[in-house]
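Q: Dropping the structure in here first, questions after.
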């Protein structure tokens, strides 16, 4: 802990003029990203059909796959901005994001509404925060499992909208249960969602219906409409989906230091638990797009638009005192933070094992 307490008012005075989002940047960035992503994705399907014997086919497919994953990750991460954007003036952008990205990925925006709990100071890191786990105090294999769950998440998304949605439409009481347990993008699977208002319910019904229709079309286009028992695009979509989710899981591991123990944390501790990656922007922007590489700064100013975070960080680093706690949010690299998290988890496991062994020896004595 730094000897200097963090001054929020001082930080706000330095970056207060950077809070206004620019709609042109949002529209231009998102449309260029999602259209390029869709083109790269479909090239994975069509290139082997058009040029099956080309010697350059596999290198080109590899490049197209990487481009698809990075572009789709960037497009999907705009869902994070939707939660923090002003309600007025961005309705069209929200509709466009869902139509071109959210529905396509079975990740409509209603799944992310509870993200606001992650930014409530009294909820951060507690059972009321669905985006937090005490990973520094758990076994290291939980970190491995956290990444490997990417293998099943695309299938869970398909089941959520192809099977669970119709159940919610026709079975009394099912909506309440599945809203609590299966309607949120979470880090903590034990999180229970409680915001089923009439307005949110109407939005959910619309987005569910669109996702269900997309699932049906996606599954029947190969087997029924084209007479093929297996559609190759299913495997392409699954591979891309797993890669996007896995990359995002790794990014998430580096977004915080996960030092909380499940109890409420002070605002300064919450800040120190969050991480910024200002170095190597051309690389860090690939795995931490749309401002997510400045996660510490985002927790300080949640409503600041992603396109102003880099400038805000530079101002704070140039003007805050040398012993400001904010400087401790800066990490050298994503790799270094994930390795540090692993070491903390290993150390915690050893400490717990040693304490348990000591207790057993006392009982035996």
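Q: Looking at 307, 299 in this structure, which one is in contact with a helix residue (DSSP H, G or I) (Cβ under 8 Å, 6 or more places away or on another chain), surrounded by 22 or more Cβ atoms within 10 Å (Cβ to Cβ) and assigned to a helix (DSSP H, G or I)?
A: None of the other options fit; the residue is 299.
Q: Residue under question is residue 24, and the condition is that it be within 29 Å of the chain's Cα centre (by Cα), at pLDDT 95 or above and surrounded by 13 or more Cβ atoms within 10 Å (Cβ to Cβ); does it hold?
A: In short, no.
Q: With the structure loaded, tell me whether residue 120 is out of contact with any helix residue (DSSP H, G or I) (no Cβ under 9 Å at 6 or more places or on another chain), assigned to a loop (DSSP other than H, G, I, E, B) and closer than 18 Å to residue 187 by Cα or whether it fails that test.
A: yes
Q: Assuming residue 358 fulfils every condition listed in (1) surrounded by fewer than 22 Cβ atoms within 10 Å (Cβ to Cβ); (2) out of contact with any strand residue (DSSP E or B) (no Cβ under 9 Å at 6 or more places or on another chain); (3) within 26 Å of residue 17 (Cβ to Cβ) apart from one, which condition is it?
A: That leaves (3) as the condition not met.
Q: OK, next. Could you check, for the stretch 160-178, whether at least one of its residues is at pLDDT below 95 and on the phi > 0 side of the Ramachandran plot?
A: Taking every residue of the stretch 160-178 in turn, at least one turns out to be at pLDDT below 95 and on the phi > 0 side of the Ramachandran plot.
Q: Would you pick out the residues in the stretch 156-203 that are without any contact (Cβ under 8 Å) to a residue 24 or more places away in the chain and within 19 Å of the chain's Cα centre (by Cα)?
A: Within the stretch 156-203, 156, 181, 182, 189, 192 meet the criteria.
Q: In addition: Given the criterion within 15 Å of residue 111 (Cα to Cα) and part of a helix (DSSP H, G or I), identify the matching residue among 215, 211. Write out each step before concluding.
A: Details: 215 fails: within 15 Å of residue 111 (Cα to Cα).
That would be 211, the only listed residue that is within 15 Å of residue 111 (Cα to Cα) and part of a helix (DSSP H, G or I).
Q: Going by the structure shown, is residue 254 more than 27 Å from residue 22 (Cβ to Cβ), surrounded by 22 or more Cβ atoms within 10 Å (Cβ to Cβ), modelled with pLDDT of 95 or more and in contact with a helix residue (DSSP H, G or I) (Cβ under 8 Å, 6 or more places away or on another chain)?
A: In short, yes.
Q: Output yes when any residue across the stretch 107-118 is over 21 Å from the mean Cα position of the chain (by Cα) and farther than 21 Å from residue 216 by Cβ, and no when none is.
A: Taking every residue of the stretch 107-118 in turn, none turns out to be over 21 Å from the mean Cα position of the chain (by Cα) and farther than 21 Å from residue 216 by Cβ.
Q: Could you count how many residues in the stretch 143-154 are without any contact (Cβ under 8 Å) to a residue 60 or more places away in the chain and closer than 20 Å to residue 220 by Cβ? Steps first, please.
A: Step one: of the stretch 143-154, the residues without any contact (Cβ under 8 Å) to a residue 60 or more places away in the chain are 144-145, 148, 152.
Checking the rest, the ones that are also closer than 20 Å to residue 220 by Cβ come to none.
Selection size over the stretch 143-154: 0.
Q: Okay, next question. Here's a check for you: in the stretch 219-233, which residue that is modelled with pLDDT under 70 and assigned to a helix (DSSP H, G or I) is surrounded by the fewest Cβ atoms within 10 Å (Cβ to Cβ)?
A: Only one residue tops the list, namely 223.
Q: Continuing with this model, one more query. Would you check if there is a residue in the stretch 81-90 being surrounded by 18 or more Cβ atoms within 10 Å (Cβ to Cβ), assigned to a helix (DSSP H, G or I) and over 21 Å from the mean Cα position of the chain (by Cα)?
A: no
Q: Scan 146, 104, 177 and give me the residue that is surrounded by 15 or more Cβ atoms within 10 Å (Cβ to Cβ) and part of a helix (DSSP H, G or I).
A: None of the other options fit; the residue is 146.
The values are calculated or read from the model by the stated rules, or taken from the named source; none is laboratory data. All figures in this text were calculated on a predicted structure; none of them were measured in a lab. Glycine also receives a Cβ, built like all others from the backbone with ideal geometry; neighbour counts cover every protein chain displayed.
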